[in-house]
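Have a look at the structure below before the remarks.
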């Protein structure tokens, strides 16, 4: 787990961690990213918070979700 800053929403802090992992190659293109349940377990966050992390990363074009299969890093994901 990470120590959360009190003045920044938790979903944003977790999304930043996942974004950094994509940037540094921990999650290369087309690799699977943590599921909602895995995010909840790793970061100790609520279900809705984990869903917001995925929604945010999808909106940025960093991940895509295959229904029933999971969420993956976009093949051309670019993190600035």
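Listing for the model above:
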quantity	calculated
Given (1) more than 21 Å from residue 5 (Cβ to Cβ); (2) free of Cβ contacts under 8 Å to residues at least 24 places away in the same chain, index of the condition residue 77 fails	(2)
Test for residue 22: is it touching a residue at least 24 places away in the same chain (Cβ under 8 Å) and under 18 Å from residue 74 (Cβ atoms)	yes
Residue in the stretch 30-41 that is at pLDDT below 95 and surrounded by 13 or more Cβ atoms within 10 Å (Cβ to Cβ) present	no
Test: residue in the stretch 2-10 that is surrounded by 13 or more Cβ atoms within 10 Å (Cβ to Cβ) and within 11 Å of the chain's Cα centre (by Cα)	no
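The values are calculated or read from the model by the stated rules, or taken from the named source; none is laboratory data. Everything numeric in this text was worked out from a predicted model, so none of it was measured. Virtual Cβ from ideal backbone geometry, glycine too; neighbours counted across all protein chains shown.
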